[in-house]
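In what follows, a structure is listed as structure tokens, so that the remarks can point back to it.
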Amino acid sequence: MLVVMKAQATPEEIQAVCDHIVQLGFRPHPLPGAQRTAIGITGNQGEVDRGNLESLSGVAEVIRVSKAYKLASRDVKEEDTVVRFGATGNPADGSSSAGWRNGVAIGGRDLAIVAGPCSIESREQAFAIAEQVAQAGAQFFRGGAYKPRTSPYAFQGLGLEALKIMSEIRERLGLRIVTEALDSESLDLVAEWADVIQIGARNMQNFSLLKKAGRLRKPVLLKRGLSATMEEFLMAAEYVMSEGNYEVILCERGVRTFADHARNTLDLSIVPALQHVSHLPILVDPSHGTGRRDSVLPMARAAIAAGADGVMVEVHDHPERALSDGPQSVYPAQFAEMMHELEQIAPVVGRNLARGVAVDSRQ
Ligand code: PEP
Ligand code: MN
């Protein structure tokens with residue numbers, strides 16, 4: 001159920017409707033839009049008595065949402081969601097050596113570029129890569145601290161030490177940090193140290209983890225499960241949103257098919273399909289989506305041409321020595337080339353690749 005407020009409804013009227021929904025034993029989700037606020041109702045098993053709601057002051061109409069996902073749906077929120085990040089560093093503080101960067105966003109006209117190694121392996125490795133991706137214009141740095149590895153004997157990540165290294169990267173280079181939370185314990189730490197909580201493909205249906213992430217107030221980057229349908233993907237986003245965290249970013253990273261020329265089959269057709277039914281921003285990860293360095297650039301270009309809000313790419317300065325995903329990691333020079341290409345493709349599809357403000361080098 002969805003309560004659409006009149007364009008001129010006051011904050012008091014919106015609050016009164018929310019209070020009424022709580023009194024009925026349900027949960028209100030006020031979602032402000034450009035024209036008007038809509039209030040999603042969750043927690044109801046059947047129909048909510050609309051008569052009562054329609055008579056409240058400021059209410060335009062009450063609509064039944066037929067889709068299984070509600071808060072993630074365009075029925076509830078027509079405008080695209082833009083997840084915003086404030087400026088980093090403090091230019092007013094002369095004593096600060098922090099890298100100053102303007103605010104950035106995921107969604108909206110500017111493309112979001114997330115780049116970095118699969119895993120944080122050492123301070124030196126992380127900084128070497130971060131400096132080069134920042135120079136090329138990435139706004140977000142990725143690096144695994146807690147790794148979901150197929151083998152329990154494979155490198156599992158540096159944990160908290162990696163989170164601290166990435167936090168230093170944010171301070172020094174102004175890059176926002178995206179990193180994966182594997183479980184409830186690492187979720188608390190990732191929420192404390194990072195800017196975006198990544199929930200990986202293998203955890204896309206870890207419903208208790210999704211709900212816990214929904215209780216936090218930090219953007220969640222949700223990767224598509226290895227064999228998830230679009231509806232299952234959106235239902236996973238709905239789990240996060242149902243708990244009150246509306247800042248969910250979807251990420252297509254390839255699915256399992258019979259095709260064996262690539263690690264996964266990158267399903268770019270899900271980009272327009274998702275945009276049709278959902279207001280959430282969507283990134284594409286051509287690294288996990290193909291598993292092959294030589295496929296990353298072509299598929300990144302295709303992702304932007306297909307209308308994605310940005311890409312997430314694994315970059316390593318010595319991929320042959322990488323502790324995870326070396327074969328799909330591009331060299332920094334290839335990443336810079338990709339940025340140059342995406343900058344040219346972006347305007348063709350009405351987008352812009354803002355390379356960000358040059359990093360302050362007073363370190
Ligand atoms: C990753 O981004 O490093 C990762 C493990 O991705 P996925 O969950 O998509 O496999
Ligand atoms: Mn990886």
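Residues that are more than 16 Å from ligand 1 (Cβ to nearest atom) and either closer than 22 Å to LEU266 by Cα or touching a residue at least 12 places away in the same chain (Cβ under 8 Å) (or both) within segment 319-334 comprise TYR331, PRO332, GLN334, listed in sequence order.
Within segment 139-149, being within 16 Å of ligand 2 (Cβ to nearest atom) and not basic (Lys, Arg) holds for PHE140, PHE141, GLY143, GLY144, ALA145, TYR146, PRO148. Specify which of the listed residues (ALA194, ALA105) is farther than 28 Å from GLU320 by Cα, touching a strand residue (DSSP E or B) at 6+ places or on another chain (Cβ under 8 Å) and free of Cβ contacts under 8 Å to residues at least 60 places away in the same chain. Result of the check over ALA194, ALA105: ALA105. Looking only at segment 179-210, residues that are surrounded by 16 or more Cβ atoms within 10 Å (Cβ to Cβ), among the polar types (S, T, N, Q) and assigned to a helix (DSSP H, G or I) come to 2 in all. Residues of segment 96-147 that are under 21 Å from ASP309 (Cα atoms) and aliphatic (A, V, I, L, M): VAL104, ALA105, ILE106, LEU111, ALA112, ILE113, VAL114, ALA115, VAL133, ALA134, ALA136, ALA138.
Taken over segment 98-129, the residue count meeting the criterion of being farther than 19 Å from LEU283 by Cα, among the aliphatic types (A, V, I, L, M) and away from ligand 2 (no atom under 16 Å from the Cβ) is 2.
So that you can scan it fast, the table gives a plain yes or no per residue for (1) in the same structural domain as GLU171 (by TED's automatic domain parsing); (2) surrounded by fewer than 24 Cβ atoms within 10 Å (Cβ to Cβ); (3) assigned to a loop (DSSP other than H, G, I, E, B):
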position: LEU268; (1), (2), (3): yes, yes, yes
position: VAL271; (1), (2), (3): yes, yes, no
position: SER295; (1), (2), (3): yes, yes, no
position: ALA303; (1), (2), (3): yes, no, no
position: ALA308; (1), (2), (3): yes, no, yes
position: GLU320; (1), (2), (3): yes, yes, no
position: LEU342; (1), (2), (3): yes, yes, no
position: ALA354; (1), (2), (3): no, yes, yes
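For PRO327, indicate whether it is surrounded by fewer than 18 Cβ atoms within 10 Å (Cβ to Cβ), within 16 Å of ligand 2 (Cβ to nearest atom), assigned to a helix (DSSP H, G or I) and in the same structural domain as CYS251 (by TED's automatic domain parsing). So PRO327 fits the description; yes.
The values are calculated or read from the model by the stated rules, or taken from the named source; none is laboratory data. Just so you know, these numbers come straight off a predicted model, no measurement behind them. Every residue, glycine as well, gets a Cβ built from its backbone with ideal geometry; the counts of neighbours run over all protein chains shown.
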